Amino acid sequence: MNLKKYQTQIASSNSSSELETLRIKLLGRKGLINQLFSEIKNQQPDNRQQYGQKLNKLKSQLQNLIKKQALKIAKQNKVPKETKITNSIFALPKIGHLHPITTTENQINSLFKKLGFSIYDGPEIETDEFCFERLNLPKDHPARELQDSIFIKEPEILLRTQTSSVEARLLSQEKPPFKVAFPGKVYRNEKVNKSNHFTFNQYQAVVVGKNMTLKNLFGTMDLMFKTLYGPNVTVRYRPKYYPEVEPGVGLDMQCFNCKEKGCAICKGAGWVEMGGAGIIHPIVLQKANIDPKKWSGFAFGMGLDRWTMAKYNIKDIRTFSGGNLAYLPNK
């Protein structure tokens, strides 16, 4: 796009109507800038972020030029003193920005694509089979009670309580070896407070191959922590039971709010649970017709909202869905 050409056209506009016609041509819903934004999907994955940043900068430059010219035209027009002109007549809408959770998700997606992962999606309305049964959670398993499910048609159709349901579908559809990541929204009938919500976002990944161990899992998780929070991030792994993995580990990070002093976010523990992980249970592989003697794998799932809170020092999870655009950080 020839910026100088449009700079000249904007500067030579002598009336508000002429300037508005040019604004619609450049910045309107079907304008040139939006046409260029629609080409992002055709860019190479590694170039999309840079392409988008350049377009945002170009859009901002054009908006500023048009606004300045509008003010210039208003001053040039001879208007009686008793007639007031407000700049709001010519003001343009503020430029929007990605939601912080989306920004974090995109950053993690970029990392995993570089590691050779595919990015998948799955249904939010799920069946009991894929949400529980195929993940080693039979109908009489006590761990089902911990997730406080929201059923659409009891007892078989529900809103997914975890993105592990996508893992169950992938295991039944894909032939190993494979590496897949899948972010998504989940739903639980939970009390809403500073650190919990009835609907939130998770980020899940699963790897199936030969001789997968906890060493592979920890190496992947360490890289993700350092990518998001820098090389000095403090994390810990502790044994924890999850039906779909064996062994299972909990993923904790030093509380970003109190630095282990204890607060409402970490509930006085000094650490915030960021997710769970482990080696895929042989029963889960068998249910997907994958031979556990030949193949092994690891999986992890994390609360994307909490990861974003830690990244941007947001102290209340309700901020993300509160609708206050002024309060959401522009990242």
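Taken together, the values in this text are just the output of simple stated rules run on the coordinates, not laboratory data. Fair warning: this is a prediction, and the values are worked out from it, not measured in the lab. Cβ coordinates were reconstructed from backbone atoms using ideal geometry, including for glycine residues, and neighbour counts include every protein chain displayed.
A few comments on the model shown:
- Most to least packed among 260-266, 158-164, 188-194 [average Cβ atoms within 10 Å]: 158-164, 260-266, 188-194
- Computed about the Cα centre, the dipole magnitude for the chain is approximately 2100 debye when only Lys and Arg (+1) and Asp and Glu (-1) carry charge, each at its Cβ.
- Per the chain, cysteines lacking a partner by the 4.7 Å Cβ criterion: Cys131
- Pairs with C-alpha atoms separated by more than 23 Å, drawn from the list Lys175/Lys226; Lys179/Lys311; Lys139/Lys194; Lys153/Lys185; Lys4/Lys67; Lys113/Lys210, are Lys175/Lys226; Lys179/Lys311; Lys139/Lys194.
- Computed extension length for Leu98-Asp291: 65.2 nm, one decimal, from 0.36 nm per residue of separation with the Cα-Cα distance subtracted.
- Over the chain: helical MRE at 222 nm, DSSP H runs n ≥ 4 each giving -39500 (n - 2.57), nearest 500: -11000 deg cm²/dmol
- Whole-angstrom gap from the stretch 204-224 to the stretch 250-274, using each part's C-alpha centre: 24
- Between the stretch 281-314 and the stretch 1-67, the Cα center-to-center distance that results, in Å: 42
- Furthest towards positive pole of dipole, Ser12, Gly31, Gly270, structure part the chain, Cβ charges: Ser12
- FRET efficiency for the Ser17 to Lys75 pair, using the beta carbon distance and R₀ = 22 Å, is estimated at 0.85.
- Spherically averaged projected area in nm², based on the convex hull that wraps the Cα atoms of the chain: 22.5
- Zero-based 10 Å bins, Cα pair distances in the stretch 189-331, whole percents: 11, 36, 32, 16, 5, 0
- For the stretch 1-65, GluC sites (Glu not before Pro) meeting the loop criterion (DSSP other than H, G, I, E, B) and having at most 16 other Cβ atoms within 10 Å: Glu39.
- Computed over the alpha-carbon atoms, the stretch 90-221 gives an Rg to Rh ratio of 1.04, Rh here being the Kirkwood radius from the mean inverse distance.
- Paramagnetic reach from Val235 in the stretch 253-269 [backbone N under 15 Å; point 7 Å along Cα→Cβ]: 253-256
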